[in-house]
1. 7 Å from Cα along Cα→Cβ at both Glu159 and Val185: what's the point-to-point distance in nm?
2. What ranking do Leu115, Leu96 get, fewest neighbouring Cβ atoms within 10 angstrom at the top?
3. Taking the Cα centre of segment 59-212 as origin, work out the dipole magnitude from +1 charges on Lys and Arg Cβ and -1 charges on Asp and Glu Cβ, in debye rounded to 20.
4. In segment 149-197, which trypsin sites (Lys or Arg not before Pro) are in a loop and have at most 11 other Cβ atoms within 10 Å, using DSSP for the loop call?
5. Under a crude label model (7 Å from the Cα following the beta-carbon direction), how far is Thr196 from Asp119 in nanometres?
6. Find the Cα radius of gyration of segment 120-214, compare it with 2.2 N^0.38 Å by division, and give the number to two decimals.
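Just so it is clear, none of the values below were taken in a lab; they were calculated from the coordinates. Just so it is clear, the structure is predicted and the values come from calculations on it, not from any experiment. Neighbour counts run over all protein chains shown; Cβ positions are idealised from the backbone, glycine included.
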Amino acid sequence: MKLRYSKEAVVIATCAARGLALSVLLLAGSSLAFAQAGGMAGMPGMHMAKVVVKPGAGITVADVEFMQGMIAHHAQAVYMSRLAGGHGANPRVLALAKMIDQSQIPEIIIMQNWLRRYDQFVPDTSSWHNMPMPGMLTDDQIKALNAAQGVDFDRKFLEYMIQHHSGAIKMVNDLFATPGAGQEVDTSVFANDVVTVQTGEIGIMLKLRKDELP
């Protein structure tokens, strides 16, 4: 029996595979030499301070701020995705939400460990509450998503996650537009992969919005 897969399913699987491959590469790669694998716990109770980069570190202040901000950005996406299961989401929307959840958690760990490597402040996953970044949902949008059910949830989830992903891509573009930033190899690989994966996911969401929503 020959199995047939929709184009959308192939794209979802490809995005998931790219995210997993990136996680394996950056978590296990000898170039990173992570001293700790502190998971998603971060450093609760600490406050953001002015970024100071040691001479010769090979990174910039913009690199550090990008990683710190993207942790908060990813953490909100995970929060949004985990709402889908309890809000009557369309099965295809739920599958996408699970993929986003499962791909962004290891990426948060990657970013936290990168910051530890350079002795920088490590935000935890609650940081999305007080670190607004491009594309992140407002308090009113979070309340609206929490209150939504069924098709209304699907509609809001797709609208808000497209907004959210577009903000992540802007963060990468802003990083590379900053002189000297984004040149460190692991930062460059990670940032470029964010654009590739999230651009693909935006395409999936646009198609879902067209095909599934009345």
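1. 4.5 nm
2. Leu115, Leu96
3. Rounded to the nearest 20 debye, it is 440 debye.
4. none
5. Those two pseudo-labels are separated by 3.4 nm.
6. 1.26
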